[in-house]
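To keep things clear, I will list the structure first and then write my remarks on it.
The values are calculated or read from the model by the stated rules, or taken from the named source; none is laboratory data. Just so it is clear, the model here is predicted, and its values are computed rather than measured. A quick note on method: Cβ atoms are made from the backbone with ideal geometry, for glycine too, and the neighbour counts reach across all protein chains shown.
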Amino acid sequence: MSFRWSLADDPTAVATPVAFEADGVPIAHVDLLGARESLAVEAAAVPDAVVGDSSLLMSVRVRVTRRAAAPGECALALDMNDRTPTPGVRAWDASPASGPPHWNGADPFWDGGHVARLPGGFATSFTDSGTRAIWRRRLAHGERAEWCFAIPLYPVAPASHPFPHSRIPARAHDDVVAEARRAWRERLARSTTIRSGRAEYDALERAARVTLLICEERSGPHLVPIGNPFQYRDVWLRDGARSVRALALAGERELSADATRAFLAFQRPTGAFISQRGQLDGTGQAMWTFEQAASHPPDGRLARELLPAALRGARWLRAQSDSTRAMGLPWPGLLPYGDPQDNELVRAPLVGNDAWAIAGASAAARLARLAGDEPAAVECAVLADTLRARFARALAREPGNDVPPSWPGPGRDWGNFAVSYPTRTLSPADPRVRGLVDRGLARGLAGYGPADTLHAYLGADLAMAALLDGRGDMARAYLDSLLAHSSSTLGQAEMFSRLDGGFGANLPPHSTAAATALDLVHALVAIEDGDTLVLAAGLTADMWPQAGVARAPTRFGMLSVSFDRPASEAPNAWRVSWGDIHAARVRIRVPEGQILRAAGDGAFGFDGGRWVVARPGVRSVTFETGAVPVVRGRR
């Protein structure tokens, strides 16, 4: 059901974009400015047992203020219809369209239940756009009228005795707003805290967390991540894997583990994990997901629970890759042909399938070590090394300076963008990866499909690869472009037009876009790279003093990091401190535009002074920099 408030006598009134609150709490605010009146809407939603354990109750307050100097009558209109604002976005499980609501007593009634509790004193009519209710009030200059509406997420069956009436609770709007604000702030306060040093990036990260928490549905005993509350109310392994990692990074341990357990339902008797026919990357993605959930922070019990399924997946990968070698197929030792019917849009052996197979085998080895099963760890590590060697031989045969979507060459870019991050099949410094990054992010965001279409998360893996390669400027440019195309509440669409920014029928928010945005913002400050903790990879000099991390789950334990400029040290000194973690080493990116001159605490520089490596066992490093020298050309 759609609800549209307007000033009935002023069709020229202009609405502002919808905004959530500054700290990311999803309480919506939107204004409407007319010639004689202004209208302000505030909306919040909370669980309420009366409307059901799978529903929410939304309270909407509409305030109309008289702007004109002379007194006059204002008219607030509410139009209701079951048509969606944009064609093609009706949820697959929505009730069949049956026209506008009708009246059962004083409230609108549709699909067997009441859809809203309305304030009294309105007149009703039917228009081309549906059912309309109008409230009229005479106001003097500066005077304000207020109406409150209660709207359940799903229609509520009416009470039948003694007379049919609405069972929608009549709650004070301010109470609903206060409850929603308190619940969301408490929830977000329990999560990981990331401060990037840029307010707009921090707002994006908070909005991504809210999106991930909203995009959850119960499936049997589990809460599972869904793609979108409108048109993608399903879970695919390739999308769910990103949500699980992001939830784990955000400190949502229970949600991450619960979703991971739900992934077990996608395993076939052969050991393969498939959520959509022909998508052979799902096995590696599921195994990678198991390790992400069990390692952030390390949880040996969860690792032991998931390891048997991961081992069956690893043995399926080995059998499939060995079969193509035994049959003498053109790309021996890699996974067989697949037809994903999506993304690459080609029937071929896909590069991304093999990259994810390597990631899955490597993840299974780490999972086995966490579970205390060394023979299984060795088995999976050997498989990962074998698959990596076969991948390298196949890539050496490929022409060009980057990585194609399929081994024969054709196809749209998709899985090949993941060959460095997150699969770690190739190093971020590999020339082919650098070529892929430069090509894929030539427009700031990756394109997909039509020439004017940009994709919100496809290029995020390339931005991460650039970040780990020391090119933090490319990662920030990616985030800047993403922010420029976000919705007004910082919800991320899957795709949008480069020309006008429109989303078409593919409405935001999208959980995978939120997950990759959260991952990238976290990585600016702290990210794992194998057995190394990488700090400040994307920080500029001005971001450094404001950046920080608190309660961040990593493979090395719970991480807290602070960055500062010690005034008592040299004039261009920098300090970074971290908690008691167990990384093999810590690598710190020198702020961009600076080069290392000296480092204390036994630290040393490498890569031309762009990075600092900390001595094992220390928990803080102070270093001094100078400006990068300008190399002038000769005439």
If you go through the stretch 569-577 one residue at a time, do you hit one that is assigned to a strand (DSSP E or B), modelled with pLDDT of 95 or more and buried (at least 21 other Cβ atoms within 10 Å of the Cβ)? yes
Being part of a helix (DSSP H, G or I), more than 27 Å from the chain's Cα centre (by Cα), of a type in the set (A, V, I, L, M, F, W, C) and more than 18 Å from VAL419 (Cα to Cα) narrows LEU307, LEU383, LEU311, LEU329 down to just LEU311
Can you go through ALA189, ALA203, ALA180, ALA159 and tell me which one is exposed (fewer than 15 other Cβ atoms within 10 Å of the Cβ) and either within 23 Å of THR289 (Cβ to Cβ) or at pLDDT 90 or above (or both)? ALA189
Given the criterion at pLDDT 90 or above and touching a strand residue (DSSP E or B) at 6+ places or on another chain (Cβ under 9 Å), identify the matching residue among ALA599, ALA627. ALA599
May I ask you to list the residues in the stretch 5-31 that are among the aromatic types (Phe, Trp, Tyr) and closer than 20 Å to MET80 by Cβ? TRP5
Starting from the stretch 1-14, keep only residues that are on the phi > 0 side of the Ramachandran plot, then list their pairs with residues that are surrounded by fewer than 17 Cβ atoms within 10 Å (Cβ to Cβ) and in a loop (DSSP other than H, G, I, E, B) whose Cβ atoms are within a distance under 8 Å, requiring at least 6 positions of separation or different chains. none
What are the pairs with Cβ atoms under 6 angstrom where one residue, in the stretch 422-434, is within 19 Å of GLY472 (Cβ to Cβ) and the other, located anywhere, is small (Gly, Ala, Ser) and assigned to a helix (DSSP H, G or I)? Sequence gap at least six, or different chains. PRO428/ALA465; VAL433/ALA465
Being of a type in the set (Val, Ile, Thr) and over 11 Å from the mean Cα position of the chain (by Cα) is the filter; apply it to the stretch 228-267 and report the residue that is modelled with the lowest pLDDT. VAL235
Is it true that PRO100 is over 30 Å from ALA207 (Cα atoms), surrounded by fewer than 17 Cβ atoms within 10 Å (Cβ to Cβ) and modelled with pLDDT under 90? no
Candidate set: the stretch 341-359, residues that are under 23 Å from the mean Cα position of the chain (by Cα) and farther than 15 Å from ASP385 by Cα; chosen: the one surrounded by the most Cβ atoms within 10 Å (Cβ to Cβ): GLY352
